[in-house]
Amino acid sequence: MQGQAPSARPKIGDVAQLAGVSLGTVSAVLNQNGRTSEATRERVRRAIADLGYRRDLYASQLARRETRLLGLIVSNLQNPFFAETAQAVEEEAERQGFQLSLMATDFSPLKLRAAISRLLEARIAGLAVLTSESDSVSIAMARESGVPTVFLDAGKPGHSLSSIRVDARGGMRAAVNHLISLGHRDLLYVQNSQNTTDALLRSHLQRRQGFAAAIRACCVSELQTEMLDIPGPGAEAGERAVLTAFQERRFTAVITMTDVVALGVYRGLQSLGLSIPQDVSVVSFDNTHFSHFLHPPLSTVDISRGDLSRLVLQALTSGKPGQLLRLRTTLLVRKSTGQRPADPA
């Protein structure tokens, strides 16, 4: 009605009064703990619905001097790997009763520092930094805060800081050995830099080093390899790499740093009239959701998002000092790899 003050926001006491129970009983129902009968829980839920009560989580957590909010920082949400990782961490956090605040850096160390600063100001219970870029200042900020923090492939574990190390070398070794077992002796490795001025991102460096180490260890005669780094977005870089490299010589197999780069490699090979895997085999890294739906389905190294998310929550909620946690990788062989052609195209 005109001139009448709006009704106040319902409080937990209003719920208790309407349901005919104590404040403690309402709190127990909201937190899903305590021994209350189903009939009592139903009365409380009905009162909440009738009043339109919405719990102020931030206020209740401050009152208890605790928070159920976790911070998550990734490099880029357009990148399928990071988007899928963020979703997996959010689902695992929800299962364990936490909420998630998500930020992205666009691969910028300066944006990483700003994101860490903002999340720490929000009084988070823990922080996960799952980025490709690494920054010593950001690591120091997290360490000095005392907030449980986990980095992906960065930071020295200790005190409140943990690190998850992905077995990139093992994954790349499995990919190289798979191609060699199929008879391939001319291998092209393709990666993309973010731009021409950035230092190599940590994940890029690890996978590139893993490829080089696998080649050194295989001890196969007549093995010819080339490593090509094309600046720019992944798919465009993959296509350009194929069109550039195949002008000079013909490779029978291509290993790409990510599935997104493999997308461009597929297009480049097809534009040259080459078939996968009859003429050229392709194997990649990340096992993003779309890789299974490419034609042909892409052989790729899997980094389990479920395992990664569980390690993240373990590091942030176990109450233990900083840990070194290892995440294995697994090569998934699909239809994009086959025997080396008898007479390469």
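The values are calculated or read from the model by the stated rules, or taken from the named source; none is laboratory data. Being a predicted model, the structure only gives us computed values, none of them experimental. No Cβ is skipped: glycine too gets one built from the backbone with ideal geometry, and neighbour counts run over all protein chains shown.
If I filter the stretch 233-246 for residues that are surrounded by 15 or more Cβ atoms within 10 Å (Cβ to Cβ), under 24 Å from Asn177 (Cβ atoms) and among the basic types (Lys, Arg), do I get at least one hit? No, every residue in the stretch 233-246 fails to be surrounded by 15 or more Cβ atoms within 10 Å (Cβ to Cβ), under 24 Å from Asn177 (Cβ atoms) and among the basic types (Lys, Arg). Here the stretch 32-58 is the region considered, the condition is being at pLDDT below 75 and not acidic (Asp, Glu), and the residue that is farthest from the chain's Cα centre (by Cα) is Arg35.
Entry remark, the stretch 131-157: residues being within 13 Å of Leu201 (Cβ to Cβ), of a type outside the set (Ser, Thr, Tyr) and at pLDDT 90 or above number 1 in total.
Farther than 20 Å from Ser181 by Cα and out of contact with any Leu (no Cβ under 9 Å at 6 or more places or on another chain): is that true of Gln314 in this structure? Criteria not met by Gln314.
Hey, could you check the stretch 59-111 for residues that are among the charged types (D, E, K, R) and touching a helix residue (DSSP H, G or I) at 6+ places or on another chain (Cβ under 8 Å) and say which is modelled with the lowest pLDDT? Ranking the qualifying residues of the stretch 59-111, first place goes to Arg68.
Of note, Ile255 does not satisfy the criterion of being buried (at least 17 other Cβ atoms within 10 Å of the Cβ), within 23 Å of Asp106 (Cα to Cα), in contact (Cβ under 8 Å) with a residue 40 or more places away in the chain and not small (Gly, Ala, Ser).
With respect to being among the hydroxyl-bearing types (Ser, Thr, Tyr) and farther than 19 Å from Ala168 by Cβ, Ser221 fits the description.
Give me the residue from the stretch 275-291 that is over 29 Å from the mean Cα position of the chain (by Cα) and surrounded by fewer than 16 Cβ atoms within 10 Å (Cβ to Cβ) and, out of that set, farthest from Pro341 (Cα to Cα). Among those residues, the one meeting the criterion is Ser275. The conditions are (1) of a type outside the set (D, E, K, R); (2) out of contact with any Gly (no Cβ under 9 Å at 6 or more places or on another chain); (3) closer than 25 Å to Leu205 by Cα; (4) not assigned by TED's automatic domain parsing to the domain that holds Leu187, and Gly322 fails exactly one of them. Which is it? Every listed condition holds for Gly322 apart from (2). Would you mention how many residues in the stretch 144-178 are at positive phi and either acidic (Asp, Glu) or assigned by TED's automatic domain parsing to the domain that holds Ala217 (or both)? Qualifying residue count, the stretch 144-178: 1. Tell me, please, whether a residue that is basic (Lys, Arg), in contact with a Lys or Arg (Cβ under 7 Å, 6 or more places away or on another chain), over 16 Å from Ala86 (Cα atoms) and touching a residue at least 40 places away in the same chain (Cβ under 8 Å) can be found in the stretch 101-124. No, because not a single residue in the stretch 101-124 is basic (Lys, Arg), in contact with a Lys or Arg (Cβ under 7 Å, 6 or more places away or on another chain), over 16 Å from Ala86 (Cα atoms) and touching a residue at least 40 places away in the same chain (Cβ under 8 Å). Of the residues making up the stretch 10-31, at least one is in a loop (DSSP other than H, G, I, E, B) and at pLDDT below 75.
Taking the stated definitions as given, is Ala217 touching a residue at least 24 places away in the same chain (Cβ under 8 Å), assigned to a helix (DSSP H, G or I) and within 12 Å of Leu187 (Cα to Cα)? Taking the combined requirement at face value, the residue does not satisfy it.
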